[in-house]
Amino acid sequence: MKTDLKITLVQSELVWENASANRELFSKKFQTFEGETDLIVLPEMFTTGFSMNAKKLAEPNDGDSLNWMISEARKHNCAITGSVIISENDKFYNRLFFVLPDGTYEKYDKKHTFTLAKENETYTAGKERLIVNYKGWKICPLICYDLRFPVWSRNTEDYDVLIYLANWPKVRTVAWDTLLRARAIENMSYCVGVNRVGFDGNDHEYVGHSAVYDVLGKQVSPSAFDEFIETVTLSKEHIESNRKHLQFLNDRDKFTLT
């Protein structure tokens, strides 16, 4: 079992509704990494920005963006996760891919579509949560608005890391910071949030604040308003020792989602 896990946060501007330009952008960023990493985390809809123009932008599940992720994962010998606009069975999904170094992948469709932006009128909500087993770590990847719903992220599987990919606007940065910390504390897991920066095609501003919080809610990564790439090492011993000492998860409520 791997005792440490290196996660690389890529906080970036995005080229509005231009998938090929964004893939090229991230390929160049990946070349600047120093040292090795186990997992690269990209923002929500990293190929387009948070767009409702799904009819124009959607790709098939096995489209160019997934194939690019597979190629980059193999090239850098690490996992990569990010979400893409996908068309499947005449429906659109905000779909997260978790691509492993060997090119295999798992997927998660965003459960909570953002009604304020009418995402629910364009994209079909997912129904199942994903837990990825990777290098001895259990990882639960979610997307943006999911952050506001603690029942959906409740740690009933004893996962080690909770990840949120986002296009979270500047105007609600306080909520982003607060909820990421809360999810880490209540689930006694690392909580990783990766957000974008810059302006999108709707003139919404994003200021990043991508961060990693440990099981006690302490921020263990730098916080920046601009583009940055940061690799943070997560410790399995930190999780296990605190859970054993505090045992808060033993008292968690039992429930069934319907």
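The values are calculated or read from the model by the stated rules, or taken from the named source; none is laboratory data. Please read all numbers here as calculations on a predicted model, not as lab measurements. Virtual Cβ from ideal backbone geometry, glycine too; neighbours counted across all protein chains shown.
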Just to be sure, is N195 touching a Pro at 6+ places or on another chain (Cβ under 8 Å), of a type in the set (S, T, N, Q) and in contact (Cβ under 8 Å) with a residue 12 or more places away in the chain?
-> yes
Does S210 meet the test of being modelled with pLDDT under 95 and closer than 22 Å to F46 by Cα?
-> no
Search the range 36-75 for residues being part of a loop (DSSP other than H, G, I, E, B) and under 14 Å from L9 (Cα atoms), and hand back the single one that is farthest from the chain's Cα centre (by Cα).
-> E36
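Would you be able to say whether some residue in the range 41-50 is surrounded by 14 or more Cβ atoms within 10 Å (Cβ to Cβ), in contact (Cβ under 8 Å) with a residue 24 or more places away in the chain, over 15 Å from E88 (Cα atoms) and of a type in the set (D, E)?
Yes, the range 41-50 contains a residue that is surrounded by 14 or more Cβ atoms within 10 Å (Cβ to Cβ), in contact (Cβ under 8 Å) with a residue 24 or more places away in the chain, over 15 Å from E88 (Cα atoms) and of a type in the set (D, E).
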Of all the residues that make up the range 115-146, how many are of a type in the set (A, V, I, L, M, F, W, C), touching a residue at least 24 places away in the same chain (Cβ under 8 Å) and more than 28 Å from T3 (Cβ to Cβ)?
-> 3
When the range 101-130 is checked residue by residue, the ones that are in contact with a Cys (Cβ under 9 Å, 6 or more places away or on another chain) and farther than 17 Å from L165 by Cα are P101
Out of all the residues in the range 187-199, is one or more surrounded by fewer than 21 Cβ atoms within 10 Å (Cβ to Cβ) and closer than 22 Å to K111 by Cβ?
-> no
When both residues are 6+ apart or on different chains and their Cβ atoms are under 6 Å apart, which pairs have a first residue that lies in the range 3-18 and is surrounded by 22 or more Cβ atoms within 10 Å (Cβ to Cβ), and a second that is among the charged types (D, E, K, R) and part of a strand (DSSP E or B)?
-> L9/E230
